[in-house]
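**Student:** If you scroll down you'll find the structure; I have some questions about it.
The values are calculated or read from the model by the stated rules, or taken from the named source; none is laboratory data. Model, not experiment: these values are computed from the prediction. In this analysis, Cβ positions are derived from the backbone assuming ideal geometry, glycine residues included, and neighbour counts consider all displayed protein chains. SASA here: full protein model, heavy atoms, side chains in, ligands and nucleic acids out. Shrake-Rupley method; radii C 1.70, N 1.55, O 1.52, S 1.80 Å.
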Amino acid sequence: MAAAAAEQRRLATVVESWLGRPVLVVGDAMLDEWRFAESDRLCREAPAPVLTLRRRISAAGGAANTAVNIATLGGRAVLVAPVGADVAGDELHDCLDRAGVWDRTVSQPHRHTPVKRRMLAGNQILLREDSGDPDDPLDDDGVGGLLTALECATEELRVAAGGDPPTLVVCDYGLGALPAPVRAWLAANRERYATLALDAHDLADWRGLNPTVVTPSFAEATRLLARAAAGFGAAPRPAGHNGAGLHLDHPPVDLADGPSELVVGAAPGGVGERPTGTGRGPAGGLDRDGRTPGAAACGPTGEPTPGEDRVAMTGDGLSVTGTGVTVQATAGAGVDRAELAESRLAELREHTGADVVAVTLDTEGAVVGGADGEPRRSHSTPVPASHAVGAGDAYLAAMTLALAADAPLPTAAQLAQLAATVTVTDTGTCVCHRDDLLAALGSDGTAHPTLVGKDELDELVAAHRHAGRSVVFTNGCFDVLHPGHVRYLEQARALGDLLVVAVNSDGSVRRLKGPDRPVNPVEDRVTLLAALSCVDHVVVFEEDSPATLIESVRPDVYVKGGDYPPEMVPEAPLVRRLGGQVRTLGYVPDRSTSAIIERIRAHSPQPDGPTRAAQPDGHPAASPPGDRVTGGRP
């Protein structure tokens, strides 16, 4: 249980660390339009439902939705994309403004904004109408405008980040927003971006970009492998490859004309045997149902992947169909897409030049691989297709932000999958909000742990500092928590962005206060402190002095309680040497831990005489010097 809580806090810290991180998104922006209707009868002209429109909503799609997800997750998103000077373009601008995206789109008077219109009845998508011609190229003015916008946005984000290079996300969905001159500019300026994420329908177009991470779907990844085997820079087979695994078979055709036909299944007739044909139909390696001749008659046992080439599980394996190339595997029974993707991660990294490859498997999660060669599998919950539109954008946004924040790859993969999963709860274009992601991690966004160890505190403080937050530090026994403590801690918290409270252990308290203290064990004391909204992190220290912790945390502000000047604080020279400042806060009158303890004792019957420590006037004894609430010595 404690380990799970620590893991949740670690993930929440990464989410906190990417707040305000500058990210430039460039690519195909589109508008998603959702029309919700009701139907209770069929029309007389045809067996078709009569629809009554009840509600219409618009949302950012494609690259625009990736930018929206980056903004809602806490990043600073800038979108550069061509957008038509039309009604759909106006609605897209409104969507970006509402999400807080810096809109640096380039108006294209002679092009239409791509739109995907979905008509639904009872949350069932009945049809989708796509508008916007992908074959309508940008004119010279449009290309020049994009290049200028890219240059300006890159410099704008660099300045906003204090001179640090920004992060770049490229979204290429084949709608014409990234012609050759723009791709060449991005490749030539690759060094201006610290982290670069690529999501492209055709990864072969981006071989020279050397991205940090690519996020192809299974169909896109398989298409790249097929094209590579057809002569586009295929990687050598791994040592010891015996031909019994996945192998590539391609026809002598020009693959540049369109997407490839990809069939992944058991090679008919045994290991290494190729089909007799390469085209569609019974003579071309596929029958009319997309199966290889001789495949099991049971047909597909899974659902097609929405929005891309047909991906179906067959009795022999998988088939992904389009036009042109065949990929065959002697997969055998029980092999699934995740296993196939895992077996080809190294080749995908080679062909894309990416440090990280994340092959997304829609309702089956994702497979992620990095330079260590260790595949990482994540899972998702199956949902209706209408719930998952744009989930890949949320995945891409969270993966990019996590890697840009220097999170380890397993952490980035975990957060990306979680971001995609928490968005698919309803019909519509998926957008993941930072608060929803933190809630899924069991955190409210303030990351208040009950207790952290010294090593964990070091990591937390480093993440906060990376996000530009100032750290306030104080320490004390906090034996009996009372209003004086609360007011003191609230005042301390107001001096910076987060407050770290170091608490003396039970042994340390006994050495400082005497054998009858503490009254409350350290477990109770830290639990109460962590419940205060003004306290961000609580740590216990065994020494009599917090000097070791101060050296580790290096606080921007060190707070002590008392009416004496900061120069009299014993820790002041150390704090100043580390670059921090020292503040003292006056005590709250009539609020003292010792006084409370003495009052309790004064009213408790004693077995061997009168009330303990009572004075002749009936009042409890005065508190020992230095034990009134001064915050630093409670």
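**Student:** Under a point spin-label approximation (7 Å from Cα along Cα-to-Cβ), what is the R511-E350 distance to one decimal in nm?
**Tutor:** The modelled label-to-label distance comes out at 6.0 nm.
**Student:** Roughly speaking, what is the stretch gain from A494 to D372, that is 0.36 nm per residue apart minus the C-alpha to C-alpha distance, in nm to one decimal? Walk me through the numbers before you get to the answer.
**Tutor:** Details: separation 122, 0.36 × 122 = 43.92 nm, distance 4.43 nm.
Contour length minus the Cα-Cα distance gives 39.5 nm.
**Student:** Let me ask you something else. What lysines does K560 reach when the alpha-carbon gap must be under 26 Å and sequence neighbours fewer than 8 apart in one chain are set aside?
**Tutor:** Counting by Cα, and skipping residues close in sequence, K560 has these lysines nearby: K454, K513.
**Student:** With a point put 7 Å past each Cα toward its Cβ, work out how far E459 is from L528 in nm, to one decimal.
**Tutor:** Output for this residue pair reads 3.0 nm.
**Student:** Rank-order 480-490, 376-386 by packing density, defined as the average count of other C-beta atoms within 10 Å over each peptide's residues, highest first.
**Tutor:** Numbers: 480-490: 19.7, 376-386: 16.1.
Descending mean neighbour count gives 480-490, 376-386.
**Student:** Find the centroid of the Cα atoms in the stretch 181-215 and in the stretch 108-133, then give the distance between the two in whole Å.
**Tutor:** Cα centres, the stretch 181-215 to the stretch 108-133: 28 Å.
**Student:** Give me the number: length gained by fully extending D336 to A547, i.e. 0.36 nm times residue separation minus the C-alpha to C-alpha distance, one decimal in nm.
**Tutor:** Working: separation 211, 0.36 × 211 = 75.96 nm, distance 5.63 nm.
This chain segment gains 70.3 nm when fully extended.
**Student:** Same structure again: What is the calculated FRET efficiency for E129 to A160, with r their C-beta to C-beta distance and R₀ = 45 Å, to the nearest 0.05? Before the final figure, lay out the partial values.
**Tutor:** Numbers: r = 39 Å, r/R0 = 0.87.
Computed FRET efficiency for E129 and A160 comes out at 0.70.
**Student:** At 0.36 nm per residue, minus the direct Cα-Cα distance, what do A184 and A48 gain on full extension? Give it in nm, one decimal, please. Could the numbers behind the result be given before it?
**Tutor:** Values: separation 136, 0.36 × 136 = 48.96 nm, distance 4.89 nm.
So the extension gain works out to 44.1 nm.
**Student:** In Å², and per residue, what accessible area does the stretch 98-235 have when probed at 1.4 Å with the other protein chains present? The partial results should precede the final answer.
**Tutor:** Details: 5970 Å² over 138 residues.
Using a 1.4 Å probe on heavy atoms only, each residue of the stretch 98-235 averages 43 Å².
**Student:** Also, I was wondering about something else. Give me the accessible area per residue for the stretch 420-565, probe 1.4 Å, as a whole number in Å².
**Tutor:** 40
**Student:** For the stretch 1-110, treating each Cα as an identical point scatterer without solvent, what Debye log10 I(q)/I(0) comes out at q = 0.13, 0.19, 0.23 1/Å?
**Tutor:** Those come out to -0.65, -0.90, -1.11, one per q.
**Student:** Counting other Cβ atoms within 10 Å of each Cβ, which trypsin sites (Lys or Arg not before Pro) in the stretch 15-62 have at most 11 and sit in a DSSP loop?
**Tutor:** Working: sites: R35, R41, R44, R54, R55, R56; in loops: R41, R44.
Of the trypsin sites (Lys or Arg not before Pro), the ones in loops of the stretch 15-62 whose Cβ has at most 11 other Cβ atoms within 10 Å are R41, R44.
**Student:** While we're on this one: Which peptide among 69-80, 502-513 comes first, and what is the full order, when sorted by highest mean count of other Cβ atoms within 10 Å? Intermediate results must be reported in sequence, preceding the final value.
**Tutor:** Numbers: 69-80: 27.5, 502-513: 18.8.
The peptides rank, most packed first, as 69-80, 502-513.
**Student:** Cβ neighbours within 10 Å, averaged per peptide: list 343-352, 130-139, 86-95, 187-196 in order, most packed at the top. Please report the intermediate quantities before stating the final value.
**Tutor:** Working: 343-352: 20.7, 130-139: 13.7, 86-95: 18.9, 187-196: 16.1.
Packing proxy ranking, top to bottom: 343-352, 86-95, 187-196, 130-139.
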